[in-house]
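J.: First the structure, which I've put down as structure tokens, then a few questions once you've had a look.
The values are calculated or read from the model by the stated rules, or taken from the named source; none is laboratory data. Since this is a predicted model, take the numbers as computed values, not measurements. All Cβ positions, even for glycine, are placed from backbone atoms using ideal geometry, and neighbour counts span all protein chains on display. Ligands, DNA and RNA are stripped out before the accessible areas are found, and what is left, the full protein with its side chains, is counted by its heavy atoms. Shrake-Rupley method; radii C 1.70, N 1.55, O 1.52, S 1.80 Å.
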Amino acid sequence: AAVYTARENIETVLYERGVIGGLAAVTDKVDNYPGFADGVSGLELAAQLQAQAERFGAQIRLGEVTGVQDQGDWRLLSTDSGDVRARTVLIATGSDYKKLGVPGEAEYYGRGVHYCATCDGAFYRDKRLVVVGGGNSAVQEALFLTRFASHIDMLVRSRLKASRIMLDELARQADKITVHLEVTTDQIVGDQGGVVKVVGTQNGQRREYPTDGVFVFIGLKPNTEFLRGSPVAFDQRGLIMTDDNLMTAVNGVFAAGDVRSGATMQIASAVGEGATAALKIREFLDDRSRQASPTSLSDHAEAALAP
């Protein structure tokens with residue numbers, strides 16, 4: 001979106017609270033993004049997008065947006081570095097990893113419990129691991145972890161829901177990955193050194209899975225906490241609802257990508273929505289024939305993007 005708004009000569013500031021590129025940046029290999037016949041690492045794709053946006057003049061700031069208010073001609077963004085006014089706002093905050101919510105998960109976060117294989121997998125060379133989940137992400141991350149782990153126990157709550165190509169690859173790794181179906185993860189147990197086992201239930205029977213680490217991939221939740229209490233409308237899953245122009249219930253506030261209701265949760269479609277939102281922002285600004293924005297970008301902007 002920032003690439004498009006900046007190319008449209010819209011004064012653009014992009015706020016990022018974590019890693020540029022979000023979940024895409026911490027994906028080992030993106031294999032279904034158009035134009036990369038052999039796939040591309042998520043980190044490389046994110047770096048190229050950042051460089052492209054900055055080449056066209058977008059300013060990228062590390063910081064967190066904590067609220068958005070409609071003030072008529074302006075939108076007021078509350079950030080951890082002060083308030084910023086913008087003519088328009090695009091919410092592209094994406095989604096984050098869901099948590100299991102079981103005993104031991106929070107206690108051993110970063111000390112044996114992880115949500116990113118590419119970030120932390122290398123710490124477990126020749127170690128035994130548990131992967132929790134049964135969708136595409138879980139299978140893909142488990143396959144990646146075979147580069148390091150001696151063996152992986154994959155705990156699936158019901159059945160495997162990954163695509164056929166993922167399941168075929170999983171079958172080829174049967175010597176390193178053991179799949180356990182209909183297992184609920186009940187507890188993560190550890191000691192002073194870190195995680196030592198996962199306790200679960202399978203067909204009513206208690207099961208224990210010795211492990212040196214646990215990687216959890218059970219889905220995503222939208223990053224919309226900062227909008228709670230605002231006029232922005234959400235669907236039953238907590239995703240932002242928009243009209244055909246990708247505008248939210250708040251005038252001048254748009255949403256695109258994995259945070260938006262109706263999104264397909266794919267990088268390619270998120271990029272398309274970002275481009276569409278940028279063009280709709282251009283139309284919004286033109287339709288209202290707004291006066292030129294103040295020159296102090298530290299306090300004002302035409303478009304503020306919160307990814």
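J.: Which of the residue pairs Lys99/Lys161; Lys29/Lys98; Lys161/Lys221; Lys99/Lys280 have a Cα-Cα distance greater than 24 Å in the structure shown? List each step's numbers first, then the result.
T.: Working: Lys99/Lys161 19 Å; Lys29/Lys98 21 Å; Lys161/Lys221 18 Å; Lys99/Lys280 35 Å.
Lys99/Lys280, as the Cα separations exceed 24 Å there.
J.: Also, I was wondering about something else. So for each of 89-96, 234-241 I average, over its residues, the number of other beta carbons within 10 Å; can you give me the resulting order with the highest mean first?
T.: On the way: 89-96: 24.6, 234-241: 14.8.
Output ranking for 89-96, 234-241: 89-96, 234-241.
J.: Rounded to a whole number of µm²/s, how large is the Stokes-Einstein D of the chain at 10 °C and 1.306 mPa s, given Rh as the Kirkwood radius over C-alpha pairs? Present the calculation step by step, with values, prior to reporting the outcome.
T.: Working: Rh = 20.9 Å.
For the chosen part, D equals 76 µm²/s.
J.: Given a Förster radius of 41 Å and the C-beta distance between Asn203 and Ser230 as r, what FRET efficiency does 1/(1 + (r/R0)^6) yield to the nearest 0.05? Provide the component values of the computation, followed by the final result.
T.: Values: r = 45 Å, r/R0 = 1.11.
For Asn203 and Ser230, the calculated efficiency is 0.35.
J.: Over the chain, what is the percentage of antiparallel beta bridges among all DSSP beta bridges, to the nearest 5?
T.: Details: 31 of 64 bridges.
The antiparallel proportion sits near 50 percent.
J.: If you plug each phi of the stretch 231-238 into the Karplus form 6.51 cos²θ - 1.76 cosθ + 1.60 with θ = phi - 60°, what whole-Hz ³J(HN,Hα) values come out, in order, with x for Gly and Pro?
T.: Running phi through 6.51 cos²θ - 1.76 cosθ + 1.60 with θ = phi - 60° gives x, 4, 9, 10, 8, 5, 8, x Hz.
J.: In a Debye calculation with equal point scatterers on the alpha-carbon sites of the stretch 113-216 and no solvent, what is log10 I(q)/I(0) at q = 0.18, 0.22, 0.23 Å⁻¹?
T.: Rounded to two decimals, the profile gives -0.79, -1.18, -1.28.
J.: Quick one: net charge around Gly262, please, counting Lys, Arg +1 and Asp, Glu -1 for every other residue with C-beta under 14 Å from its C-beta.
T.: Numbers: positive: Arg237, Arg260; negative: Asp235, Asp243, Asp244, Asp258, Glu273.
Here the charged neighbours net out to -3.
J.: Could you work out what % of the accessible surface of the stretch 190-238 is carbon and sulfur, using a 1.4 angstrom probe and leaving DNA, RNA and ligands out of the count? Working shown, then result.
T.: Details: 1210 of 2660 Å².
Answer for the stretch 190-238 is 46 percent, counting heavy atoms of protein chains only.
J.: Can you list residues from other chains, or at least 5 along the same chain, whose modelled amide H is less than 5 Å from the amide H of Val131?
T.: For Val131, whose amide H was placed from the backbone, the distant partners under 5 Å are Asp153, Met154, Leu155, Phe215.
J.: Taking only protein heavy atoms into account and a 1.4 Å probe, give the accessible area per residue of the stretch 12-156 in Å².
T.: On the way: 6670 Å² over 145 residues.
The answer is 46 Å² per residue.
J.: Using only the alpha-carbon atoms, how far is helix 136-145 inclined from the longest principal axis of the chain? Give it as 0 to 90 degrees, nearest 10.
T.: 60 degrees
J.: Return the calculated 222 nm mean residue ellipticity for the chain, to the nearest 500 deg cm²/dmol, obtained by summing -39500 (n - 2.57) across DSSP H runs with n ≥ 4 and dividing by the residue count. All intermediate terms of the calculation are to be shown ahead of the outcome.
T.: Numbers: 7 runs with 68 residues, N = 307.
Value at 222 nm, helices only, nearest 500: -6500 deg cm²/dmol.
J.: Amide H neighbours of Arg207 under 5 Å, counting only residues 5+ apart in sequence or on other chains, H built in-plane at 1.01 Å?
T.: Those lying under 5 Å, H to H, from Arg207 are Gly200, Thr201, Gln202.
J.: When the chain is treated as a GNM, springs tying every alpha-carbon pair under 10 Å, which of Gly219, Gly35, Gly21 comes out with the largest mean-square fluctuation?
T.: Result: Gly35 has the largest fluctuation of those listed.
J.: How large is the dipole of the chain about the Cα centre if only Lys and Arg carry +1 and Asp and Glu carry -1, each at its Cβ, rounded to the nearest 20 debye?
T.: Magnitude of the dipole: close to 580 debye.
J.: Could you give each residue of the stretch 93-101 its phi-based ³J(HN,Hα) in whole Hz, using Karplus coefficients 6.51, -1.76, 1.60 with θ = phi - 60°, and x for Gly or Pro?
T.: For the stretch 93-101, the Karplus-derived couplings read 7, x, 10, 10, 6, 6, 9, 6, x Hz, x marking Gly and Pro.
J.: Taking θ = phi - 60°, what integer Hz values does the Karplus form 6.51 cos²θ - 1.76 cosθ + 1.60 yield along the stretch 55-71, in sequence order, with x for Gly and Pro?
T.: With the stated coefficients, the stretch 55-71 comes to 4, 8, x, 5, 9, 10, 10, 7, x, 10, 8, 10, x, 9, 10, 8, 10 Hz.
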